[in-house]
Amino acid sequence: MKILVVGNGAREHAIVAKLRDSSIGAVDEIYCAPGNAGIAKHARLVPIEMSNTVELADFAQTIKADLTIVGPELPLVLGIVDEFKKRGLRIFGPTRSAAEIEGSKVFAREFLTRHNVPSPRYSVCGSYDEAERILKEGKLGFPCVVKADGLTSGKGALVCETREEALAAAASMLKDKRFGKAGERVVIEEFVPGEEVSFLVLCDGTRAVPLASVQDHKRLKDGDKGPNTGGMGTISPALNLKLELHKEIMSTIIIPTIAGLSKEGRSFSGVLYAGLMIGTDGKPRVLEFNARFGDPECQVILARLRSDLASLLVAVADGALADVKVEWAKEPAVCVVVASEGYPDNVVKGREVRHLPESEDGLQILHGATVMDGQKLVTNGGRVFAVTALGASLPQALNRAYEAVAHIEFDGAQYRRDIGASALKKLGVA
Ligand code: GLY
């Protein structure tokens, strides 16, 4: 089997490493476009930008790829799946119209309302004047969340404590065009206090198979302080997801969403990722949908996956999830992200990585943003490494990951010291 993976982060490194580790050995050749210095150890890098969907399809056609796996949202929203399908090429991911559930926050909110899927109250604003009026009325309360409509790499959702902060956030998007076209419309949402859960399912258009549960840590700093990021660390399983809640999420959120997308002619195939808030009333609400594996959710999910990844994703792409059973390791997995100085707003790149521990059984040093500069490994973006560990228990997995993180050396490296801390507290360990 020949596989092309599209993307250049630690999520794609985790996918490529898992394919290499394929228990049934079905993967002969793996290509990654454009990849990074870590991925280069497992796959042939292809210098095609992930936004270039036509060239990617040309390449897949030339090498006769059996499967293409799309990691990030950008190519999905640009219609890579439509381009591949037009040419009869097998690809894992949703079409452009299905990916709009992630590509447009306005579409997602209105869709959820149409299909009675529980989500926070909101208003859509297409101008600053409108946003000012909504915020002055204050019906959504404070804090509130101001979200850019389009893709912003996880930076476009601002939690605003006061009306003044919310007005400033709306002005930055609607007047100053901080996110360009992506911020031409904004969603203003009520803030729902509670605990976040990332709930991901594989979906083949009609059926959904839940993946291992995950808890992400989105804020930059310990204690859930600082700006939102793409994610600074994950643990799996998520201890706040008990069986009853799991069932409720499937029946009130996942199944109606998949059915609603189908009904609207946007049948969804790929990973549907619901970013949920479990409110203080114990009820789940959708904060956002993503149309792909999360990063760093994917890292811990794949660390615990015991089934063959390639066959699983082929089953999704072929609409054949009916007979698939997915097996998981009982051991918990954790992932700690090591980011660059200035992340997420003013990333400093080009720092030499002076020391990096080796991956070993149950410990993966996944590269998120690295490049070779001659013989030197240097940083090349915001989230540079994702250290992922399995352990017999959550404390053991965390110890293993943090021990490796402590040996990563580059100037300005920053990471959270409290990944999994709230779960440890629940376990009565901390
Ligand atoms: N970790 C959040 C995301 O991938 O969007």
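The values are calculated or read from the model by the stated rules, or taken from the named source; none is laboratory data. The structure presented is a predicted model; accordingly, all values stated were derived computationally and were not measured. Here Cβ is always computed from backbone atoms with ideal geometry, including for glycine, and neighbour counts include all displayed protein chains.
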Inset, instruction - Say whether the condition of being polar (S, T, N, Q) and over 20 Å from the mean Cα position of the chain (by Cα) is met by at least one residue in the stretch 253-265. - result: yes
Inset, instruction - Need at least 3 residues that are more than 30 Å from ALA43 (Cβ to Cβ) and within 16 Å of the ligand (Cβ to nearest atom) per element, so show me which strands (runs of 3 or more DSSP E) inside the stretch 59-168 make the cut, counting only ones lying wholly within it. - result: 144-148, 157-160
Inset, instruction - Please state which one of GLY282, GLY260 is surrounded by fewer than 23 Cβ atoms within 10 Å (Cβ to Cβ), away from the ligand (no atom under 14 Å from the Cβ) and part of a loop (DSSP other than H, G, I, E, B). - result: GLY282
Inset, instruction - Would you check if there is a residue in the stretch 80-95 being more than 18 Å from ILE3 (Cβ to Cβ) and in contact with a Phe, Trp or Tyr (Cβ under 9 Å, 6 or more places away or on another chain)? - result: yes
Inset, instruction - Would you check if there is a residue in the stretch 226-237 being over 16 Å from ASP295 (Cα atoms), surrounded by fewer than 16 Cβ atoms within 10 Å (Cβ to Cβ) and at pLDDT 95 or above? - result: no
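For the stretch 213-241: of the residues being among the aliphatic types (A, V, I, L, M) and over 20 Å from LYS283 (Cα atoms), which is nearest to the ligand (Cβ to nearest atom)?
Per the criteria, the residue is MET232.
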Inset, instruction - Report whether or not VAL324 is within 25 Å of LEU67 (Cα to Cα), over 22 Å from the mean Cα position of the chain (by Cα) and surrounded by fewer than 24 Cβ atoms within 10 Å (Cβ to Cβ). - result: yes
Legend entry - the stretch 210-268: number of residues that are under 24 Å from ASP418 (Cβ atoms), hydrophobic (A, V, I, L, M, F, W, C) and touching a strand residue (DSSP E or B) at 6+ places or on another chain (Cβ under 7 Å): 8
Inset, instruction - Report yes if some residue within the stretch 285-304 is away from the ligand (no atom under 16 Å from the Cβ), closer than 25 Å to VAL336 by Cβ and not in a helix (DSSP H, G or I); otherwise report no. - result: no
Legend entry - Among the residues listed as VAL46, VAL77, VAL81, the single one being buried (at least 22 other Cβ atoms within 10 Å of the Cβ), touching a helix residue (DSSP H, G or I) at 6+ places or on another chain (Cβ under 8 Å) and under 18 Å from GLU12 (Cβ atoms): VAL81
Legend entry - Residue tally, condition out of contact with any His (no Cβ under 7 Å at 6 or more places or on another chain) and not in a loop (DSSP other than H, G, I, E, B), over the stretch 366-396: 18
Inset, instruction - Kindly establish whether GLY275 is within 16 Å of the ligand (Cβ to nearest atom) and closer than 18 Å to LEU366 by Cβ. - result: no
Inset, instruction - Would you mention how many residues in the stretch 278-297 are within 24 Å of GLU12 (Cβ to Cβ) and out of contact with any strand residue (DSSP E or B) (no Cβ under 8 Å at 6 or more places or on another chain)? - result: 0
Legend entry - Boolean, ARG207 is surrounded by fewer than 21 Cβ atoms within 10 Å (Cβ to Cβ), of a type in the set (D, E, K, R), away from the ligand (no atom under 16 Å from the Cβ) and at negative phi: yes
Inset, instruction - Look at the stretch 390-416 and say how many of its residues are within 21 Å of ASN36 (Cα to Cα) and crowded, with 20+ Cβ neighbours inside 10 Å. - result: 4
Inset, instruction - Assess whether VAL316 counts as being outside any strand (DSSP E or B), more than 16 Å from the ligand (Cβ to nearest atom) and touching a Phe, Trp or Tyr at 6+ places or on another chain (Cβ under 9 Å). - result: yes
Inset, instruction - Could you check the stretch 170-240 for strands (runs of 3 or more DSSP E) lying wholly inside it with 2 or more residues that are aliphatic (A, V, I, L, M) and within 16 Å of the chain's Cα centre (by Cα)? - result: 194-204
